[in-house]
Structures are given as structure tokens and as C-alpha cells.
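Notes follow the structure.
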Amino acid sequence: MRILAIETSCDETAAAVVDTAKDRDRNVPPRFHVRSNVVSSQVKMHAPFGGVVPNLAKREHQRNL
């Protein structure tokens, strides 16, 4: 199975693609392989304001996704 994971926090946007394969034996846990993992940080963008600016963060999340 291939999984697309998307996460946003107040100042970061991240996406990952993970493959998983389950062994037929139920006693063996599934194996995971991270194919891609990308994080875009907005820290530098918000630094001049002394903290996160919600409207600016919203626009940046939309642009990143």
C-alpha cells in the first residue's frame, strides 16, 4: 500500500510518501519504506514579525500544497 501523508502546523507544511508491506504472518509487524519526505518551513518569513502571522501562514500553506 502507498500512503500520502500531509501535515501542516502553524509555520510548517510537510508531505511524505510511504510504502508499506504486510507479511502474511500476523505475528510480523508491517514494514515501512519512506519514499519521499519534504518539509517547508515558514520560520524565516515570520521572524520579522516576532511570531506567526495567521493570514501570511495561510497563504503560504496554500502555495506549498
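Rule-based calculations on the coordinates, nothing more; no lab input. Everything numeric here is computed off the predicted structure, so don't read it as measured data. A quick note on method: Cβ atoms are made from the backbone with ideal geometry, for glycine too, and the neighbour counts reach across all protein chains shown.
Across the range 50-65, the qualifying residues are those that are within 10 Å of Asp11 (Cα to Cα) and in a loop (DSSP other than H, G, I, E, B), and the one among them that is nearest to the chain's Cα centre (by Cα) is Val52. Looking only at residues of the range 1-14 that are surrounded by 13 or more Cβ atoms within 10 Å (Cβ to Cβ) and in contact (Cβ under 8 Å) with a residue 40 or more places away in the chain, we find that the one that is nearest to Ala57 (Cα to Cα) is Asp11. Taking the range 34-53 as the range and being farther than 12 Å from Ala5 by Cβ, exposed (fewer than 10 other Cβ atoms within 10 Å of the Cβ) and either touching a Cys at 6+ places or on another chain (Cβ under 6 Å) or in contact (Cβ under 8 Å) with a residue 12 or more places away in the chain (or both) as the test, only Val43 passes.
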